[in-house]
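What follows is calculated from the coordinates using simple rules that are stated; it is not laboratory data. All of these numbers come straight from a predicted model, not from anything done at the bench. Virtual Cβ from ideal backbone geometry, glycine too; neighbours counted across all protein chains shown.
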Ligand code: AHG
Ligand code: MN
Ligand code: MN
């Protein structure tokens, strides 16, 4: 028997504090939670239910899709299309926005999601997750367009992720701090287990795909070199490195014990005309909202991610987020570079 607060109870109690709340948002969140429970169940059963391996197709970004990318996308669409809270949805796995089918009513919210994050981890049984972001539909809710989604991260109503790890967790913010819930598989409910999550301001841990180091820009190289030099270098202390290749799992570690996560700009991506690896609308913005709400910081190195005006549903951005003092330092290294380039010109 649990005596904890369920996620539904938590959201209802939060909404009660908001004047004129209609219950629409609570109900939308319930459908998102249901979708994540279904995906969690599929991930847990893996090969037993035949969901591992490639789907044999590519998404709009030219990445090969795993079966579970496609299935999770479908689970999200089906769970969220019917209830009348959404005007439209957008996902990593779909080039265009998803219109609510004609037989269902349309609502005032927009939902963007990465149905399965870290999908290169699926077949090797390492943690994956789901990321989502809720926006208000400011244009016509009956006939929404892709442009209606292109709002800065500061306009998000809610952001969250589900982590399918040793336990399944849901971490959420509605702009009033960050709370974490653990799925009790026996009763099928997420229970509040991590209230008011705060990222320590300092850290001795960083996460970056170091195989790209020869392509990095000077400020990122400088930061990582200094960390690696440890007690012998400018920082005078030893750092530890982690790379899970699943942003959800990295952000969760950072929310739990601090750290810095980077997927910075690099010359390899630039040569392909890419502006970063991670996608602004359904990876960088929701994670930045969560990190900032937990007292951390999030930047491209040159600007606050949440203030960027998106120009495309699938826009990519450099991401540097986590413990405030370290992210501040990396941003300062970018500023130093800008200043020295300006004075050399
Ligand atoms: P997705 O599986 O949704 O495409 O996202 C994967 C992302 C992110 O979660 C992770 O941090 C990064 O890509 C991994 O990149 P590398 O393959 O360079 O390690
Ligand atoms: Mn992803
Ligand atoms: Mn994905």
Practice prompt. Provide the packing ranking of 150-156, 47-53, 178-184, 15-21, i.e. peptides ordered by the mean count of other C-beta atoms within 10 Å per residue, highest first.
Written response: 178-184, 150-156, 47-53, 15-21
Practice prompt. Pairs of Cα atoms under 8 Å, at least six residues apart: use those to get the relative contact order of the chain, whole percent.
Written response: 15
Worksheet item: Of the beta bridges DSSP finds with both residues in the stretch 205-340, what % are antiparallel, to the nearest 5?
Response: 75
Discussion item. At 222 nm, what value in deg cm²/dmol follows for the chain if DSSP H runs of at least 4 each add -39500 (n - 2.57) and the sum is divided by all its residues, to the nearest 500?
Written reply: -9500 deg cm²/dmol
Worksheet, complete the sentence: Taking 126, 220, 251 and counting other beta carbon atoms within 10 angstrom, the fewest-first order is 126, 220, 251
Item to complete: Report, to the nearest 10°, how far helix 247-257 tilts away from the longest principal axis of the Cα atoms in the chain, using its own Cα long axis and a range of 0 to 90°.
Response: 70
Response to the item:
Comparing 298, 211, 288 in a Gaussian network model of the chain (Cα, 10 Å), the one with the largest mean-square fluctuation is 211
Item to complete: Enter the Cα centre distance for the pair the stretch 298-345 and the stretch 55-69, rounded to the nearest angstrom.
Response: 30
Item to complete: Starting with the highest mean, order 160-171, 316-327, 196-207 by the number of other Cβ atoms within 10 Å, averaged over the residues of each peptide.
Response: 316-327, 160-171, 196-207
Worksheet, complete the sentence: Taking Cα atoms only, helix 218-229 is inclined relative to the longest principal axis of the chain by an angle, in degrees rounded to 10, of 80
Discussion item. Quick check on the chain: of the DSSP beta bridges with both residues there, what percent are antiparallel, nearest 5%?
Written reply: 85
Discussion item. From the alpha carbon gyration tensor of the chain, can you work out the equivalent ellipsoid semi-axes (sqrt of 5 times each eigenvalue) and give them in Å, largest to smallest?
Written reply: 32, 22, 21
Worksheet item: Among 278-287, 54-63, 135-144, 27-36, what's the highest-first ranking by average C-beta atoms within 10 angstrom per residue?
Response: 278-287, 27-36, 135-144, 54-63
Response to the item:
To the nearest 10 degrees, the tilt of helix 324-344 (Cα long axis) against the first principal axis of the alpha carbons of the chain is 50
Worksheet item: Using alpha-carbon pairs under 8 Å, 6+ residues apart, how would you state the relative contact order of the stretch 64-129 in percent?
Response: 32
Worksheet item: Among the DSSP beta bridges whose two residues both lie in the stretch 7-194, what percent are antiparallel, rounded to the nearest 5?
Response: 90
